[in-house]
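Note sheet for the following structure.
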Amino acid sequence: MNIQRLRRVTAFFSALALCLVVLSGTSRAADAPAFAHRLPENVAAHIVIPDVGVLRERLSNCSWGRLLKDPLVADFRENLQQQIHTFIAARVHLPEGVSPDDLLNLPTGEITLTVLKPTEGKLPIVLSVDAAQASDTITALVKESVASSVAQGWTQSSIDHAGTTITVLKKVTDPDNDSSDNVRAIFLRDGCFVASNSSATLTQILDRWSGNVQGSFAANETLGRVQKVTLTPGREPALFWYLDPVGATISLLAQGATSDPTAAMVLVKLPEYGLTSFRGVGGTIDFAVGMHDTVTRIAGIVDQPVKSAMAVLHFPATDLTPPAWVSDDIDSCLLFNWDAQSAYGGVAQMADGVLGEGGFAKAIEGLSAKTDPPIHIKKDFIDGLTGLVMLLQGKPRITGDKSGAALLAIGLKDPDKIDGVLRQLIVEPGSKAGSRSVGKTIVAVFDGKRSNRTEVAVARGFLLVGNDGVMIDNVINSVTTEKHLVDSPEYRLLSANVPPQKSLFAFQRPVNQLGAAYSILKQGGVAIPGGVDLKLLPAFDRIQHYFRPTATWAAPTPDGFQYVSFSLQPEESMP
C-alpha cells in the first residue's frame, strides 16, 4: 500500500473514531475483555482509550478542561460547539430521532484504533467502540451509514462467521478489487461496534471474541514489558499507545524481498545495524494526577547490549542537575548524558560494513588532515567530551527576532585544549571569525550580522555555542547576584519527583512558546476549519496562568529505557 492510500484509509477510521469518541461515557461491561484480547498478535500500532467517561472527567480537571470552562473563552466555546454540530450534521448520516447532541452524549466505554502489520500487500486497520449502553443508537447509526454508502455507489454483501454477520462494502466501480482502501467491513456484537478495511481481519477478531484464545495481542511479550513500566497499578490511564516500527518494517520488506533486491538487502542489514534489538515502544497519557496536570510515560524495549545504530543512542544515567550559573529567567533547560565513545563505535561499525574493516578510521584520518589547523575528530574532540550536553533557551533580546536566545553547552574533559584550538582558529590567516573578550575569556564571533551571529567560547568546563552574547557572558561571569534556576520554587516542586540518576532531564516554561503560537493562531497564521473563529479567544496574558512549568526525565531500564514528563496543576488564583 502506498503512503497516499495509507493516509486516506487511516483518515477514514480516525474520523470515524473522533465522531464516536464522545464527551461522556460509561465503563465497558465488567465481563467484557479488553479489545487487545480480541486482536490478532501481529499489531504494528495500537491506541486505546480504556474508558471515554474517565477520559472526559480527567480532562475537565486539567488545564485544558479548566480553560475551556473559563468564562473568558465562553464566546469561543459556543462558536466551537456550533461548528462541531454543523460538521456532524453535514458528514454523519444520523438516523431519524438522533441529533448531533445525542451523538456527542452517546455513552461509550473503550475505544481502540489499531494498525496490523502488512500482509499480502494490505495494511489492515481496525476501529472498535464499546457502546453496550447505547446499542440501539449504534445499530441505527450503522444501518443509516450502510444505506448511505450503497446510495453513493458501494456494493453491499455479508459474511456469516462465528455466529456474527459481517457487512462488507466495496466500491461499485471495482467490486473485484480487494485492496484495503477499497473495502469497508463492519459488525456489531455484544454492544461493540467493529470496523475494518479487511473482512479477513474481522474473522480473526471474531475467532478471539471470548478473550481467552492464544495468539492475541494482549499476550504480546513486548506489550507486557511496556505496560509494566508505564501503567500505574489500580489506575487505568486516560490513553495508552503502542508501536512496533521495526517489526512492521520487517513485515513490509519481507513481502517484497523475493522480487525487490533493495528490500532484500535492507532486510539483511537491519540485524547487522542492531535495529532488530528495538522491540517496540509505548506509553500512557493521563490528566489530573495528584499535584500534576498532565503526565506522560513512555517505555522503549531494547535488547541489550546495544550495537551499531542503536549504540548511537546510548545515554547512561548520571546525576543531572543544572549548574548554578543557569539563570532563572530561561524558558527551558535540557541536559542529557551522551556516551560519545559508544556512539562513535556504533557509527564505525555501520561505516565499516560499507567501507570494509578499518575503513571508517582511515576516513577520519583523511578528514582530520584536511582541517586548518589540523583537528582530529576522534582524538581532539570525541575523546575530549564528558558526555554532558545542555541546551538553554530564553526570550528574544532583539526586537523582531522570533527564534529566541539559545545556548548549547558541551562538557569538556580538557577545556584548555579546546580553548587553544578556538584561539588558533580566530588568528588563523583568512579566518572569518571575529572576537571579543570577556575578562580573560576570548569569544569567537561568526557573521557580524547581529540577528544571525553565532558566538563560541570555552568557559566553566563547557564549549559554549550560542546566538546571544548576554547568555554567554552570564555563563562566563557566573553572576552570583541574579536568581538561579535551581533555587526557583517551580523547579524545586518538579525536581522533587525526579530520580537522582537519569540520562535526560528538562525543565520548561511553555508560556513564551505558547504565547507566540497563540498569537499566530489569532492572527489567522494557521489554516483552521471554516467557521471556527479564533479571534473570539481572549488575550493570551489573561489565560497564560493555565500553562505551568513542565519537567521531563529519562533513564535506562534493564529492558531499554523509560521517559516521563509531567506538569504542575494550574494556579487557583487568577491574575
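It is to be established whether one or more residues within region 63-79 are within 28 Å of Asp244 (Cα to Cα), in contact with a strand residue (DSSP E or B) (Cβ under 6 Å, 6 or more places away or on another chain) and not in a strand (DSSP E or B).
Initial filter on region 63-79 (within 28 Å of Asp244 (Cα to Cα)): none.
The answer is no, given that none of the residues of region 63-79 is within 28 Å of Asp244 (Cα to Cα), in contact with a strand residue (DSSP E or B) (Cβ under 6 Å, 6 or more places away or on another chain) and not in a strand (DSSP E or B).
Quick grid of which residues meet (1) touching a helix residue (DSSP H, G or I) at 6+ places or on another chain (Cβ under 7 Å); (2) of a type outside the set (Lys, Arg); (3) within 23 Å of Val48 (Cα to Cα):
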site: Gly274; (1), (2), (3): yes, yes, no
site: Arg279; (1), (2), (3): yes, no, yes
site: Thr296; (1), (2), (3): no, yes, yes
site: Lys307; (1), (2), (3): yes, no, no
site: Ala343; (1), (2), (3): yes, yes, no
site: Ala348; (1), (2), (3): yes, yes, no
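Only one residue in Asp31, Asp75, Asp70 is within 28 Å of Pro124 (Cβ to Cβ) and either among the acidic types (Asp, Glu) or at pLDDT 80 or above (or both). Which one? Even if it seems obvious, please write down each step before you answer.
Working: Asp75 fails: within 28 Å of Pro124 (Cβ to Cβ); Asp70 fails: within 28 Å of Pro124 (Cβ to Cβ).
Within the list Asp31, Asp75, Asp70, the selection yields Asp31.
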Revision key, fill the gap. Those residues of region 195-228 which are closer than 14 Å to Asn42 by Cα, part of a helix (DSSP H, G or I) and not β-branched (Val, Ile, Thr) amount to Ala200, Leu202, Gln204, Phe217, Ala218, Ala219, Glu221, Leu223
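May I ask you to verify whether Lys522 is modelled with pLDDT under 90, in contact with a Leu (Cβ under 9 Å, 6 or more places away or on another chain) and either in the same structural domain as His314 (by TED's automatic domain parsing) or surrounded by 14 or more Cβ atoms within 10 Å (Cβ to Cβ) (or both)?
Working: modelled with pLDDT under 90: yes; in contact with a Leu (Cβ under 9 Å, 6 or more places away or on another chain): yes; either in the same structural domain as His314 (by TED's automatic domain parsing) or surrounded by 14 or more Cβ atoms within 10 Å (Cβ to Cβ) (or both): yes.
Yes: the conditions hold for Lys522.
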Study note, to complete from the structure: Those residues of region 323-344 that are in a loop (DSSP other than H, G, I, E, B) and over 11 Å from Val389 (Cα atoms) come to a total of 8
Study note, to complete from the structure: Selection from region 227-245 of residues buried (at least 16 other Cβ atoms within 10 Å of the Cβ) and either touching a Lys or Arg at 6+ places or on another chain (Cβ under 9 Å) or of a type in the set (Ser, Thr, Tyr) (or both) yields Val229, Thr230, Leu231, Pro237, Ala238, Tyr242, Asp244
Review point. (1) at pLDDT 90 or above; (2) over 26 Å from Ser503 (Cβ atoms): which one isn't true of Ala263, the others all being true?
Key: (1)
Study note, to complete from the structure: Conditions (1) farther than 30 Å from Pro549 by Cα; (2) assigned to a strand (DSSP E or B) -> Ala351 fails only (2)
Exercise for review: Go through (1) of a type in the set (Asp, Glu); (2) closer than 17 Å to Thr550 by Cα; (3) crowded, with 17+ Cβ neighbours inside 10 Å one by one and return the number of the condition Asp329 breaks.
Suggested key: (3)
**Study point:** Filter result for Gly121 (in contact with a helix residue (DSSP H, G or I) (Cβ under 7 Å, 6 or more places away or on another chain) and exposed (fewer than 14 other Cβ atoms within 10 Å of the Cβ))
**Key:** yes
Review point. Given the residues Val48, Val98, which is the only one that is in the same structural domain as Gln204 (by TED's automatic domain parsing), surrounded by 14 or more Cβ atoms within 10 Å (Cβ to Cβ), assigned to a loop (DSSP other than H, G, I, E, B) and touching a residue at least 24 places away in the same chain (Cβ under 8 Å)?
Key: Val98
Revision key, fill the gap. With criteria (1) part of a loop (DSSP other than H, G, I, E, B); (2) buried (at least 18 other Cβ atoms within 10 Å of the Cβ); (3) more than 25 Å from the chain's Cα centre (by Cα), Val306 comes up short on (3)
Practice item. Kindly list the number of the only condition in (1) out of contact with any helix residue (DSSP H, G or I) (no Cβ under 7 Å at 6 or more places or on another chain); (2) surrounded by fewer than 21 Cβ atoms within 10 Å (Cβ to Cβ) that fails for Ala89. Key: (1)
**Study point:** All positions within region 126-149 that are modelled with pLDDT under 90, under 12 Å from Arg189 (Cβ atoms) and surrounded by 22 or more Cβ atoms within 10 Å (Cβ to Cβ)
**Key:** Ala131
Study note, to complete from the structure: Filtering region 246-262 down to residues that are without any contact (Cβ under 8 Å) to a residue 12 or more places away in the chain and crowded, with 16+ Cβ neighbours inside 10 Å yields Gly256, Ala257
Check your understanding: Looking only at residues in region 169-194 that are β-branched (Val, Ile, Thr) and under 20 Å from Pro40 (Cα atoms), which one is modelled with the lowest pLDDT?
Key -> Val183
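Of all residues in region 124-153, which are outside any helix (DSSP H, G or I) and either in contact with a helix residue (DSSP H, G or I) (Cβ under 9 Å, 6 or more places away or on another chain) or among the polar types (S, T, N, Q) (or both)? Lay out the reasoning, then the answer.
Step one: filter region 124-153 for residues outside any helix (DSSP H, G or I), giving 124-131, 152-153.
Matches in region 124-153: Pro124, Ile125, Val126, Leu127, Ser128, Val129, Asp130, Ala131, Gln152.
The values are calculated or read from the model by the stated rules, or taken from the named source; none is laboratory data. Keep in mind the model is a prediction, meaning the values are calculated, not measured. Ideal geometry is used to build each Cβ from the backbone, glycine not excepted, and the neighbour counts take in all protein chains shown.
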